[in-house]
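Colleague: This structure is in structure tokens; I'll ask about it shortly.
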Amino acid sequence: MISISEAAQAHFVKLLADQTEGTHIRVFVISPGTAQAECGVSYCPPDAVEDDDMELPFNGFKAMVDEKSVPFLQEATIDYITDQMGSQLTLKAPNAKMRKVSDDAPLKERIEYVIQSEINPQLASHGGNIMLVEISAEDVAVLQFGGGCNGCSQVDITLKDGIEKQLLDLFPGELKGVRDVTDHQHGEHSYA
């Protein structure tokens, strides 16, 4: 469920050595399944362990995960990277904002998952996002742009060369195209 690199495990063991005996780590998601989802790692002293926690054993410690966070931490990775700028603990949880859907889920659910887990994080660097409005009878994903994408001069390129290409590659034979229904008005919020 959660992959912790050898370097990160060694880092946690070192940190936990200064804590009360029996202290482990807790990996959690605040506001799981929403666009505001945030992941974190904290100490988990013995008196903070809950009955419904999932216990994941690692080298020299355990990672505790609360029941609500479990589905949103599938495929999560924790690493400890050292470079010329220093050291940094990284936590990546691609399913934190939206629970991973199965390969046989309806097309709309699978497309929404890709939008939330892959496409919107890319658009967020420009203050933008997209939302799936519907899948048309012609198997076209009808999208609405928001944030900085609304009114952006590059929206057609983003739609055709980026989003449409990515979705058609992921859903061959199921999806025939994408269409934008956004009324694009250039404004202060637009990324130009």
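Colleague: Looking only at residues that are touching a Leu at 6+ places or on another chain (Cβ under 8 Å) and surrounded by fewer than 18 Cβ atoms within 10 Å (Cβ to Cβ) in the stretch 68-79, which one is nearest to Cys39 (Cα to Cα)? Talk me through it step by step, then tell me what you get.
Modeller: Within the stretch 68-79, the subset touching a Leu at 6+ places or on another chain (Cβ under 8 Å) is 76-79.
Narrowing the set further to residues that are surrounded by fewer than 18 Cβ atoms within 10 Å (Cβ to Cβ) leaves 77, 79.
Numbers: Thr77: 11, Asp79: 14 Å.
Per the stated criteria, the residue is Thr77.
Colleague: Being among the hydrophobic types (A, V, I, L, M, F, W, C) and either more than 27 Å from Gln74 (Cβ to Cβ) or in contact (Cβ under 8 Å) with a residue 40 or more places away in the chain (or both) is the filter here, so list the residues in the stretch 108-134 that pass it.
Modeller: Looking only at the stretch 108-134, we keep the residues that are among the hydrophobic types (A, V, I, L, M, F, W, C), and these are 111, 114-115, 119, 123-124, 130-133.
Listed by number, the residues that qualify are Ile111, Val114, Ile119, Val133.
Colleague: Are any of the residues in the stretch 55-74 in contact (Cβ under 8 Å) with a residue 60 or more places away in the chain and over 30 Å from Glu21 (Cβ atoms)? Show your work before the answer.
Modeller: Taking the stretch 55-74 as the starting set, the residues that turn out to be in contact (Cβ under 8 Å) with a residue 60 or more places away in the chain are 63, 65, 70, 73-74.
Okay, now just the ones that are also over 30 Å from Glu21 (Cβ atoms), so 74.
Yes.
Colleague: Would you please list the contacts, defined by Cβ atoms under 9 Å and residues six or more apart or on different chains, that run from a residue in the stretch 154-182 that is under 15 Å from Glu138 (Cα atoms) to a residue that is open to solvent by 70 Å² or more (accessible area, probe 1.4 Å)?
Modeller: Leu168/Lys176; Lys176/Glu138; Gly177/Glu138; Val178/Lys160; Asp180/Gln144; Asp180/Asp156
Colleague: For Ala105, work out the one condition from (1) open to solvent by less than 30 Å² (accessible area, probe 1.4 Å); (2) closer than 22 Å to Gly40 by Cα it doesn't fulfil.
Modeller: With (1) open to solvent by less than 30 Å² (accessible area, probe 1.4 Å); (2) closer than 22 Å to Gly40 by Cα applied to Ala105, the lone miss is (2).
Colleague: Answer yes or no as to whether Val65 is open to solvent by less than 40 Å² (accessible area, probe 1.4 Å) and within 21 Å of Asp169 (Cβ to Cβ). Full working, then the answer.
Modeller: Details: open to solvent by less than 40 Å² (accessible area, probe 1.4 Å): yes; within 21 Å of Asp169 (Cβ to Cβ): no.
No.
Colleague: Looking only at the stretch 114-133, count every residue that is modelled with pLDDT of 85 or more and open to solvent by less than 40 Å² (accessible area, probe 1.4 Å) and tell me the total.
Modeller: Adding up the residues that qualify gives 5.
Colleague: Going residue by residue through the stretch 99-107, is there one that turns out to be assigned to a helix (DSSP H, G or I), free of Cβ contacts under 8 Å to residues at least 24 places away in the same chain and under 28 Å from Ser31 (Cβ atoms)?
Modeller: no
Colleague: Taking only the stretch 19-36 into account, find how many residues are open to solvent by 60 Å² or more (accessible area, probe 1.4 Å), within 11 Å of Ser69 (Cβ to Cβ) and not in a strand (DSSP E or B).
Modeller: From the stretch 19-36, those open to solvent by 60 Å² or more (accessible area, probe 1.4 Å) are 19-21, 30, 35-36; that's our starting set.
Now narrow it down to the ones that are within 11 Å of Ser69 (Cβ to Cβ): 30.
Now drop any that are not not in a strand (DSSP E or B), which leaves none.
Residues meeting the conditions: 0.
The values are calculated or read from the model by the stated rules, or taken from the named source; none is laboratory data. What you see is a predicted model; the values in this text were computed from it and never measured. Don't worry about glycine lacking a Cβ; one is built from the backbone with ideal geometry, like all the others, and counts go over all protein chains shown. The accessibility values were calculated without ligands, DNA or RNA, using every heavy atom of the protein model including side chains. Shrake-Rupley method; radii C 1.70, N 1.55, O 1.52, S 1.80 Å.
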